[in-house]
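A short write-up of the structure that comes next.
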Amino acid sequence: MTLLKSIALWQEEALTIAPPSGTDRLPAVGGLPGPAFFPEGFGLSHAALRQNVRPTIIVIGHNFGSQEYRNEIQPAGREDDKATWRNLDALLTQAGADPAQCFRTNWFVGLLPGSKQTGRFLRKPDHGYELACRSLLVKQIEEIKPTAILLLGPEVASRAHGLIPALAPWRGAKRWIDIDQSTIGYSARDIELPAAGVRTNVAALLHPSFGAANQSRRMQNMRIPVTEVDIIRAALACTPRA
């Protein structure tokens with residue numbers, strides 16, 4: 001089975017995941033034909049979609065965004081002209097990676113109501129919903145077997161220990177200082193993701209929609225200040241054991 005067929009099946013599964021109970025969160029819609037984060041799109045660049053490129057990097061965001069944003073990009077069927085996608089491409093390129101080698105997905109399936117793009121998606125535990133989202137994410141990682149996983153923001157990094165036990169020092173992190181001054185710092189190399197049967201490198205990044213001022217503030221937390229590009233480059237330089 002090709003990767004594109006696998007992604008199509010994952011998208012079908014995503015559309016069956018009901019939003020967290022007792023909330024105003026909305027289900028995924030899917031169906032964007034052009035470059036867009038999974039599950040609304042296939043998570044791949046135009047080059048990867050055309051050439052069936054096999055990704056080596058997985059980027060995991062918190063959630064796709066708001067209903068209004070999803071409606072906004074519907075006519076174009078893509079979001080690679082938006083800041084998050086463009087800035088991520090720029091970071092990857094500066095780090096020496098090909099953006100076509102990147103699969104872009106989300107931890108949580110579904111949309112925020114209204115127009116607000118930021119904020120916590122899951123405000124209280126919902127075991128069934130969280131399990132469904134994690135199960136879908138494991139399938140993506142198991143299939144792609146990435147050399148590196150890049151987590152966008154503390155909300156994602158603080159949950160990642162549920163899939164990757166070595167990231168336990170990030171558990172419950174609410175601020176960048178909680179991650180950057182943890183016992184493992186902002187990244188971990190050659191660590192196991194047991195549920196997917198893979199070893200990989202993991203790094204926690206600022207969300208690409210944030211500007212340079214946020215990077216400067218984050219660097220003040222670090223014992224040895226490095227840029228987001230440096231973090232990505234280091235994560236890609238180490239080859240995990242098979």
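The table for this structure:
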{"read-out": "In nm, spacing of pseudo-spin labels at residue 71 and residue 134 (7 Å Cα→C-beta vector)", "value": "3.5"}
{"read-out": "Rounded to whole Å, sorted largest first: equivalent-ellipsoid semi-axes of region 18-113, Cα gyration tensor", "value": "24, 14, 12"}
{"read-out": "Non-local Lys pairs in region 3-237, i.e. 8 or more apart or on different chains, that have alpha carbons under 23 Å apart", "value": "6"}
{"read-out": "Gaussian network model of the chain, springs between alpha carbon atoms under 10 Å - residue of 167, 131, 92 with greatest fluctuation", "value": "131"}
{"read-out": "Inter-probe distance in nm under a simple model that places probes 7 Å from Cα toward Cβ, at residue 50 and residue 192", "value": "4.2"}
{"read-out": "Modelled FRET efficiency - R0 41 Å, residue 8 with residue 241, Cβ distances, 0.05 increments", "value": "0.85"}
{"read-out": "Cβ-Cβ FRET estimate between residue 123 and residue 227, R0 fixed at 30 Å, reported to 0.05", "value": "0.40"}
{"read-out": "Antiparallel DSSP beta bridges within the chain, as percent of all bridges there, nearest 5", "value": "30"}
{"read-out": "Residue exposure sequence - 62, 46, 161 - by fewest surrounding Cβ within 10 Å", "value": "46, 161, 62"}
{"read-out": "Stretchable slack from residue 94 to residue 116, in nm (0.36 nm times residue separation minus alpha-carbon distance)", "value": "4.9 nm"}
{"read-out": "Residues 176, 170, sorted so that the one with the fewest Cβ neighbours within 10 Å comes first", "value": "176, 170"}
{"read-out": "The chain, Cα convex hull volume normalised per residue, Å³", "value": "116"}
{"read-out": "Cα centroid of region 1-23 to Cα centroid of region 59-136, whole Å", "value": "14"}
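Quick note: the coordinates plus some simple rules give every number you see, no bench work behind them. Note that the structure is predicted; figures quoted are calculated from it, not measured. Don't worry about glycine lacking a Cβ; one is built from the backbone with ideal geometry, like all the others, and counts go over all protein chains shown.
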